[in-house]
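Presented below is the structure to which this report refers.
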Amino acid sequence: MNNSSKIAISDAHSKIILAGEHAVVYGKPAIAIPFPLKVASIVEKSIGPIIFESAIYTGFLYNMPIKLKGISNCIKETLKYLNKPEKNLKIKIISSIPIGRGLGSSAAISISIVRSLFSFFERQITQNELFYLVQIAENYAHGNSSGLDIMATISENPIWFEKERGILSIKSKCPLYIVVADTGSTSDTRVAVENVRKRYNLKPKKVQKSLDTIEEITNEIKKAVLNGNINLLGKLLTNNHNELINIGVSDERLNNLVKLALDSNALGAKLIGGGLGGCMIALARDRGQAKEISNKLVKSDAEKSWYFSTNEDVVMEV
Ligand code: MEV
């Protein structure tokens, strides 16, 4: 087959964990929703070693910096899986998802790359193949990852996720108006997951109690989402944040942004993803309030903020 003039483009969206991060590593349920910030991967023919082009690194695949090792392994494994040689390709990444902020940027980048490689070589991909290949990169980036980030980033709908049981789609009774704010500091999921493990080993009863409470909160959040009870949902999100403080994955800037959002009459707020840096979310009553809260967070300590409604595929940046 002659691929010389062919270009394959595929994209992937980011994700927000509404409830259950960290507890999900211990077999508890979690809920995640798509966040419409996207990444696109463009694959085209070139000559010689594979060239990787992105905002953080441009050069040969074999020279990828250590922090991108998971992605380079994922590309190599995908080509091996497709029975294609590791050469004569250029892979370009265009992303609007900030890296290392708990938004699933690494999973989204790998998903868009695997999809575009399959498309370039005119092969259909199943969800299982996509999950298997992307997990190579995610396990490298996150250590023992639960798989939640990949499933949330693959899925076009809100999901209920359990490590041993897989996913269920869930449908919110009404649109949710969500504010996302970025502290501007990087969240290292691997470190955060290891910290919780260390704390668990030191104080198993205390941490287990928090994990059990997060499980109860996640179950209640599911009901609140299904019933469209946004006042209750807000309170539960804040309760989830308080348990994340208890297991040691929040920090001063995240707590300040959560407090500021609540002081601005958000219905609830919490950190999202690995924590120890990264982003937080706040639940607003409507679009107007979401915009107002977003503006307030940026005027204080947030580096950036976005707001969106879960029934639309667009996001507003502040
Ligand atoms: C990170 O986005 C979510 C964590 O629960 C880790 C995982 O599920 O692998 C912190």
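The values are calculated or read from the model by the stated rules, or taken from the named source; none is laboratory data. This one's a predicted model, so the numbers in the text were calculated from it and none came from an experiment. Every residue, glycine among them, receives a Cβ derived from its backbone with ideal geometry; neighbour counts consider all protein chains shown. For the accessible areas, the whole protein counts, side chains as well, though only heavy atoms, and no ligand, DNA or RNA atoms are used. Shrake-Rupley method; radii C 1.70, N 1.55, O 1.52, S 1.80 Å.
Within 10 Å of each candidate Cβ there may be at most 13 other Cβ atoms; applying that plus a DSSP loop requirement, which trypsin sites (Lys or Arg not before Pro) in the range 107-200 survive?
Taking the range 107-200 and a limit of 13 other Cβ atoms within 10 Å, the loop trypsin sites (Lys or Arg not before Pro) found are Arg123, Arg165, Lys171, Lys173.
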In the neighbourhood of Asn229 defined by beta carbon distances under 12 Å, the net charge of the other residues (Lys, Arg +1; Asp, Glu -1) is +3
Fraction of alpha-carbon pairs in the chain farther than 38 Å apart, rounded to whole percent, equals 14
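Given a 1.4 Å probe, how much area per residue of the range 166-312 is accessible, in Å²? Write down the numbers at each step before the final one.
Values: 6780 Å² over 147 residues.
With the other protein chains kept in place, the range 166-312 gives 46 Å² per residue.
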Tell me which residues come under 5 Å, amide H to amide H, from Leu18 once H is placed; ignore anything under 5 positions away on its chain.
Ile31, Ala32, Ile33
If I model a spin label at Ile7 and Lys171 as a point 7 Å from the Cα along the Cα→Cβ vector, what separation in nanometres do I get?
3.8
Out of the chymotrypsin sites (Phe, Trp or Tyr not before Pro) in the range 217-318, which ones are loop residues according to DSSP with at most 10 other C-beta atoms within 10 Å?
none
q = 0.19, 0.20 Å⁻¹, the range 172-317: log10 I(q)/I(0) [Debye, one scatterer per Cα]
-1.12, -1.20
Quick one: angle between helix 105-120 and the longest Cα principal axis of the chain, in degrees between 0 and 90, rounded to 10, please.
30
Can you compute the label reach from Glu129? Point 7 Å from Cα along the Cβ direction, backbone N cut-off under 12 Å, restricted to the range 86-119.
114-119
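Calculate the all-directions average of the projected area of the range 1-123's alpha-carbon convex hull, and give it in nm².
8.3
As a test of reading the structure, rank Asp149, Asp188 by solvent-accessible area (1.4 Å probe, protein chains only), most first.
Reading off the accessible areas and sorting them downward yields Asp188, Asp149.
In what order, largest first, do Tyr26, Tyr140 sit by accessible area if the probe radius is 1.4 Å? Each step should come with its number before you reach the end.
Details: Tyr26 55, Tyr140 85 Å².
Descending accessible area places them as Tyr140, Tyr26.
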For the chain, the percent of accessible surface on carbon and sulfur atoms (probe 1.4 angstrom, ligands and nucleic acids excluded) is 50
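May I ask which of Lys15/Lys198; Lys67/Lys205; Lys76/Lys304; Lys6/Lys76; Lys270/Lys299 have a Cα-Cα span longer than 23 Å here? Don't skip to the end; give the middle numbers.
Numbers: Lys15/Lys198 27 Å; Lys67/Lys205 35 Å; Lys76/Lys304 34 Å; Lys6/Lys76 20 Å; Lys270/Lys299 19 Å.
Cα-Cα > 23 Å for Lys15/Lys198; Lys67/Lys205; Lys76/Lys304; rest within.
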For Glu164, Glu312, Glu216, Glu138, give the ranking by accessible area with the largest first, probe 1.4 Å.
Glu164, Glu216, Glu312, Glu138
Over the chain, what is the percentage of antiparallel beta bridges among all DSSP beta bridges, to the nearest 5?
95
Over the chain, the sum of -39500 (n - 2.57) across DSSP H runs of at least four, divided by residue number and rounded to 500 deg cm²/dmol, gives at 222 nm -13500 deg cm²/dmol
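Add +1 for every Lys or Arg and -1 for every Asp or Glu among the other residues with Cβ under 9 Å from the Cβ of Lys92, and state the total. Spell out each step's value before the answer.
Working: positive: Lys90; negative: Glu44, Glu53.
Value of the local net charge: -1.
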Between 0 and 90 degrees, rounded to the nearest ten: what's the tilt of helix 252-263 against the longest Cα principal axis of the chain?
60
Can you give the FRET efficiency for Glu156 and Ile94, using 1/(1 + (r/R0)^6), R0 = 30 Å, r = Cβ-Cβ distance, to the nearest 0.05?
0.90
